[in-house]
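Some notes on the structure that comes next.
The values are calculated or read from the model by the stated rules, or taken from the named source; none is laboratory data. Nothing here was measured: the structure is a model prediction, and the numbers come from that model. Counting neighbours? That spans all protein chains shown, and the Cβs are built from the backbone with ideal geometry, glycine included.
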Amino acid sequence: MKYMITETECRNGISGVCSRCGGELSPMDTVDNSGNPTFWCGCKECCCFDNGVSAHVYNIARRLVVEQLFYRYSFYKDEPGETAEMKEYHQKQQISGACDIVRKVLWLAEEETEKNVLSPHAKIAPGSTGVR
Ligand SMILES: [Zn+2]
């Protein structure tokens, strides 16, 4: 049976690290939603599919969570008497969620920097994109 995405195609598309543990991503043999065999990028350590984030994004997201500056999900929280495995799982889920925010913030920061370079004294009206 023909693979929708071959192992080589999948491997060539991998960039970055696992958004949960920061580990290495590799092609994982699976089936897609239509039942066709395919390879998807994922983390064997976390047993999750993952599209990957840059190590820069992961490290910032990890610090936000570990240093208790940001929690993405209220439902992944440690209850009294939680096992070490569950605490680790919650932390990984929080880091993965924080990665989305960090990526967006870095993207916004870059966009805002470009705007200020173009017109350093421009005031941007609320609701305006600032693009003229
Ligand atoms: Zn992982």
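Numbers for the structure displayed
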item: All positions within the stretch 75-113 that are hydroxyl-bearing (Ser, Thr, Tyr) and within 18 Å of the chain's Cα centre (by Cα); result: 76, 89, 96
item: Single match in 1, 28 (criterion: at pLDDT below 95 and among the aliphatic types (A, V, I, L, M)); result: 1
item: Selection within the stretch 34-44 - farther than 21 Å from residue 102 by Cβ and either near the ligand (Cβ under 10 Å from one of its atoms) or in contact with a Pro (Cβ under 8 Å, 6 or more places away or on another chain) (or both); result: 39, 40, 44
item: Selected residue (criterion: nearest to residue 22 (Cα to Cα)) from residues of the stretch 57-92 that are in contact (Cβ under 8 Å) with a residue 12 or more places away in the chain and away from the ligand (no atom under 16 Å from the Cβ); result: 60
item: Residue selected from the stretch 11-20 under the condition within 16 Å of the ligand (Cβ to nearest atom) and either among the β-branched types (Val, Ile, Thr) or out of contact with any helix residue (DSSP H, G or I) (no Cβ under 6 Å at 6 or more places or on another chain) (or both), by the criterion farthest from residue 99 (Cα to Cα); result: 14
item: Filter result for residue 95 (within 16 Å of the ligand (Cβ to nearest atom), outside the structural domain of residue 1 (by TED's automatic domain parsing) and of a type in the set (Val, Ile, Thr)); result: yes
item: Residue check for residue 51: at negative phi, assigned to a loop (DSSP other than H, G, I, E, B) and within 16 Å of the ligand (Cβ to nearest atom); result: yes
item: Residue within the stretch 67-77 that is of a type in the set (Asp, Glu) and touching a strand residue (DSSP E or B) at 6+ places or on another chain (Cβ under 8 Å) present; result: no
item: Residue within the stretch 57-64 that is exposed (fewer than 12 other Cβ atoms within 10 Å of the Cβ) and in a helix (DSSP H, G or I) present; result: no
item: Residue that is nearest to the ligand (Cβ to nearest atom) [pool: residues in the stretch 21-33 that are among the aliphatic types (A, V, I, L, M) and under 19 Å from the mean Cα position of the chain (by Cα)]; result: 25
